[in-house]
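Take a look at the structure below.
The values are calculated or read from the model by the stated rules, or taken from the named source; none is laboratory data. Since the structure is predicted, the reported quantities are computational estimates derived from the model, not experimental observations. Glycine also receives a Cβ, built like all others from the backbone with ideal geometry; neighbour counts cover every protein chain displayed. All accessible areas refer to the heavy atoms of the entire protein, side chains included, with ligands and DNA or RNA removed. Shrake-Rupley method; radii C 1.70, N 1.55, O 1.52, S 1.80 Å.
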Amino acid sequence: DGGIDDDEAVIVHMQHDVDEEADEDFEREFSRMMQESVEGRRTDRKSVFDAPVPTRLKTATAPLIDKPDSEEGDQVAFTLLTKKGNKQQARTMALPADISFVINTRNKQEAEQEE
Amino acid sequence: GLDDGFDDQVKDLPEHACKYCGIHNPCSVVECLACNKWFCNARLASNRGSHIIQHLVRARHKDVRLHPESPLGETILECYNCGVRNVFNLGFIPAKSDTVVVLLCRACSNPMGQKDMSWDLSQWLPLIEDRSFLSWLVKIPSEHEQLRARHIVPSQIASLEDRWMEDSNATVDDLNKPGVDDEPEPVRLAYDDAYHYQNIFGPLMKMEADYDKKMKESQTQDEVVVRWDQGLNKKRLACFVLPKLELGDVRLAVGDELLLRYKGELIKGSWEGHGHVIKIPNNEVVLELKKDERTPTHCTHNFTVDFVWKATSFDRMQAAMKTFAVDQNSVSAYIYHRLLGHDVEPQTLKITMPKRFTAPNLPDLNHSQVFAVKSVLQKPLSLIQGPPGTGKTVTSATIVYHLARMNAGQVLVCAPSNVAVDQLTEKIHQTGLKVVRVTAKSREALESPVSFLTLHDQVINNDTDPELQKYVKLKREYGELSSQDEKRYRSLKRNAEREIIQNADVVCCTCVGAGDPRLQKYDFRTVLIDEATQAAEPECLIPLVMGAKQVVFVGDHKQLGPVILNKKAAKAGLSQSLFERLVLLNVRPIRLQVQYRMHPCLSEFPSNMFYEGSLQNGVTVQERLRKDVVFPWPVPETPMFFHCSYGQEELSSSGTSYLNRTEATNCEKVVTRLLKAGVKPSQIGIVTPYEGQRSYIVSHMQFAGALKKELYKEIEVASVDAFQGREKDYIILTCVRSNDHSGIGFTSDPRRLNVALTRAKYGIVVLGNPKVLSQNALWYQLLMQFKERNCLVEGPLSNMKRSMIQLIRPKTKKE
Ligand SMILES: [Zn+2]
Ligand SMILES: [Zn+2]
Ligand SMILES: [Zn+2]
């Protein structure tokens, strides 16, 4: 029909009121929260993270998602390791291609493929 | 029958909706594990951070969980190594040579002491960036989604967080709730969002509902005398006169429910029966009883009548406002923002214009009508202003014809009143489209010109299902079915209803009727609302929130608006229609400009006063002169006059209305003259703004009229409001107000005057006190026009003389 399906095409001009006092208030609280979590590190005695990367995942992982048209831009499929109790879980997630470690990994993979 | 309303569905936000703004896309929300509330990752135009971050910071909560339906599934964000859950302390760590990541806290990602070199700890990437979650972990809602959500401001967030300390279930709406004795908040021109809209209109509509309920329920009438009758459908009818109705103390409409009770010596115990009003000819109420069990038809006296108030229509309005806010698919984004008065770039629909604009079997359109049809078809939202007699119904039907041909789904056609819906239904049916008229169950027994198009009748006459036919017959013969059969009958009926609606091109119902449970499963993308200026905003919303993408409002904001009984609510703006608000928001109505009703001398004043002189006459003087009717018009070419009289007004016996005996006497004389000249009673209308005068005239004409009583009985005497949308050959307007100081009340509303003056085709007689009326600026202008045309007269009808009264221009009030 007549092209009225595209809700995203609607252009709305909105004005947003600024509430500087509330903004500053939030700013202060936010910094405090961050500060506390950074400082918390010093007192905690945590074991060093030294787990190996599970090898079995290497084949399970899809290398690249090529979605140049998506609104997020280029994306690469990564596996996120999580734990549920003591059970390890692996989930696929799409990461933007422009994150520095994604670029690194990608370059390495390409180099390996050329070898 | 079944009552409507009991299974109306009210849409609610899901549990996982952001407690601040209502966004509920599972990819965009997370749950705070400390308080089990959900928040989104939206950050509407600010550097304050997203809603979830604002909550975590203000409430000092730290742990969150992703939604089960998000890409990562139900996941608690915690350190892979030590299990710490503080999101302010977490980040992603990639493997050195693989596409694998884990979440680690800051402490665990310290590279000191690391032996295995498979993780690149130097690349730690915090979860929170720029005061929101990484967008690829928790999606940031689109700008469009954010615009459509509730617009909460930081101060509201702060107060809400404060409230949650005491009451964990508090909502944003609770922040805005007015105290019991507070004045209602007035309507606005524009609203931040649909929640804001609901927060304004919800309480106003509730005030109106409470008032209506109180009024209705306090109107018990004792000592009613009943005459028993039987309808064509064999149902029991009770006929009676209600003095309260005659006095104008209460409003009663066809379809309303009444409770009739008997408590007397003629039967043992007591009896009561519910029924619906099916007609009110000359103030006699005809009530069709729902059941005819032990009906004391041998009794006639000692009955009591109670008014039964129904919440249905108000409930549907409230539900529509809620749906408007909560359901993203209720209306298109464009319609959403336009209705709320936001600044939206205009849209034009890409459509193929029909070659011919006139619809089959409807009259050819004039220039301004064609223009209206053309513009409407290519716009998602339009207003058509139809001044009196300009062919609003034909234009609307033509538009609906084209819309139905151009679009796949059914067109929904509504109006606030049943009369208007029926008229439009009939015209649309003429074009050959498949039309179904959905009426309230309480109106199914009523006769109307479009009975054969009602869903109810189409189901009954549907001969494709013999089993259904069997039950229909049984029901007709025995009145009731066994519970087993009734169940089967209902299910067959529902199927038949679905089939009929699905096959229709157009569905017609009242605005409130659009909330009928039988229509709730359907989407209506194209909606036309006639008489849109006579509906309160929430009423108009009911048909809109069923998926509207293209909307046409037809009405005339220069004629009467919606009737709001509660004065406070009316004053706060509930009596302003959506159409009118859109006009104030600079949506330009397309005006129909050629009128086909009034003698040109009758259209002149309304055109100049209310339509900037733009009304053209589609009828000639010759077409509107009735030479056969001998009547003492002061100037025969201009069949109108204002008759001056100075008799005092009186308060009516109810104490809430006015009457004027002099004008009533004059009215009877004019009527008698018209009848003697051969005018049929049905072609005469007597218009009065006061109920007191209305009932006085009805009885006075029968008592004092020189001709047969029956003739006078057939003449319609009604309020201006009741005549809106209709016409008569001759109109007599009695103004009633005549006093030295207390003003002209009702009569001063320009829109009411416009309606009163534009009902007549061939002639108008105005009865009033020129001295009193001319104190009003508009009436002064009207009286001057009568005077200039030698039509301001006084004296007996047989010997009227030009009045020599000096009219004094009223002082304009200083602003
Ligand atoms: Zn919380
Ligand atoms: Zn939110
Ligand atoms: Zn850790």
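With a ≥ b ≥ c the root eigenvalues of the C-alpha gyration tensor of the stretch B:411-465, is it rounded (a/c under 1.5), prolate (a/b larger than b/c) or oblate?
Oblate is the answer for the stretch B:411-465, as a/c is 1.5 or above yet b/c matches or exceeds a/b.
Which order do you get for B:Trp38, B:Trp309 if you rank them by accessible area with a 1.4 Å probe, largest at the top?
Correct descending sequence by accessible area is B:Trp309, B:Trp38.
Let me know the shape class of chain B, please: from the alpha-carbon gyration tensor, a ≥ b ≥ c as square roots of the eigenvalues, rounded when a/c is under 1.5, otherwise prolate if a/b is greater than b/c, or oblate.
In terms of gyration-tensor shape, prolate.
Please report the spacing between the Cα centers of the stretch B:516-535 and the stretch B:315-376 in Å, no decimals.
12
Once both labels are modelled 7 Å past Cα along the beta-carbon direction, what's the B:Leu266-B:Leu175 spacing in nm?
Label at B:Leu266, label at B:Leu175, 6.4 nm between them.
Could you sort B:Tyr401, B:Tyr191 by their accessible area in this structure, using a 1.4 Å probe and putting the largest first?
In descending accessible area the options line up as B:Tyr401, B:Tyr191.
Enumerate the lysines that B:Lys549 could reach by cross-link, defined here as Cα to Cα under 16 Å, with residues fewer than 8 away along the same chain left out.
Partners within reach: B:Lys350, B:Lys379.
Can you pull out the trypsin sites (Lys or Arg not before Pro) in the stretch B:462-550 whose DSSP state is coil and whose Cβ has at most 12 other Cβ atoms within 10 Å?
Answer by residue number: B:Lys521.
If you place +1 on the Cβ of every Lys and Arg and -1 on the Cβ of every Asp and Glu, how big does the dipole about the Cα centre of the protein assembly as shown come out, in debye to the nearest 20?
It works out to roughly 2840 debye.
I'd like the interface area for chains B and A: accessible area of each alone minus the complex, both sides summed, 1.4 Å probe, protein heavy atoms only. What is it in Å² to the nearest 100?
6600
Select from the stretch B:662-712 those trypsin sites (Lys or Arg not before Pro) which occupy a DSSP coil region and have at most 16 other Cβ atoms within 10 Å, ordered by residue number.
Sparse-neighbourhood loop trypsin sites (Lys or Arg not before Pro): B:Lys708.
Working with all protein chains in place, sort B:Lys234, B:Lys680, A:Lys108 by solvent-accessible area computed with a 1.4 Å probe, largest first.
B:Lys234, B:Lys680, A:Lys108
Grab the DSSP H runs of chain B that are 4 residues or longer, score each as -39,500 (n - 2.57), total them, divide by all residues and round the 222 nm result to the nearest 500 deg cm²/dmol.
Roughly -9000 deg cm²/dmol at 222 nm, from the helical runs in chain B.
If you place +1 on the Cβ of every Lys and Arg and -1 on the Cβ of every Asp and Glu, how big does the dipole about the Cα centre of the stretch B:506-572 come out, in debye to the nearest 20?
In total the dipole reaches around 220 debye.
Report the charge-dipole magnitude of the stretch B:592-678 in Debye, nearest 20, computed about the Cα centre from +1 at each Lys and Arg Cβ and -1 at each Asp and Glu Cβ.
360
Just the number please: accessible area per residue for chain B, 1.4 Å probe, all protein chains included, in Å².
Heavy-atom accessible area per residue stands at 43 Å².
Out of the total accessible area of the stretch B:569-668 (probe 1.4 Å, heavy atoms of protein only), what percent is carbon and sulfur?
51
State the three equivalent ellipsoid semi-axes of the stretch B:695-774, derived from the C-alpha gyration tensor as the square roots of 5 times its eigenvalues, in descending order and whole Å.
23, 17, 11
Please work out how much accessible surface B:His599 shows to a 1.4 Å probe, ignoring ligands, DNA and RNA, in Å² rounded to 10.
The accessible area comes out at roughly 0 Å².
Looking at the square roots a ≥ b ≥ c of the eigenvalues of the Cα gyration tensor of the stretch B:222-276, which shape do they give, rounded for a/c under 1.5, prolate if a/b is larger than b/c, or oblate?
oblate
Tell me the angle of helix B:367-377 to the major Cα principal axis of chain B, expressed in degrees between 0 and 90 and rounded to the nearest ten.
That works out to roughly 20 degrees.
Roughly how far apart, in whole Å, are the Cα centres of the stretch B:442-475 and the stretch B:163-231?
Spelled out, the Cα-based centre of one part sits 36 Å from the other.
Rounding to the nearest 10 and keeping the result within 0 to 90°, find how far the Cα-based axis of helix B:312-326 lies from the longest principal axis of chain B.
With rounding to tens, the tilt is 30 degrees.
Using +1 at the C-beta of Lys and Arg and -1 at the C-beta of Asp and Glu, which of B:Pro203, B:Met112, B:Pro606 has the Cα lying farthest in the positive direction of the dipole of chain B?
Highest projection toward the positive end goes to B:Pro606.
Given the options B:Phe723, B:Met701, B:Ala677, identify the residue whose Cα lies farthest towards the positive end of the charge dipole of the stretch B:660-777 (+1 on Cβ of Lys, Arg; -1 on Cβ of Asp, Glu).
B:Ala677
Can you tell me the orientation of helix B:691-704 relative to chain B, as the angle in degrees between its alpha-carbon axis and the longest Cα principal axis, to the nearest 10?
20
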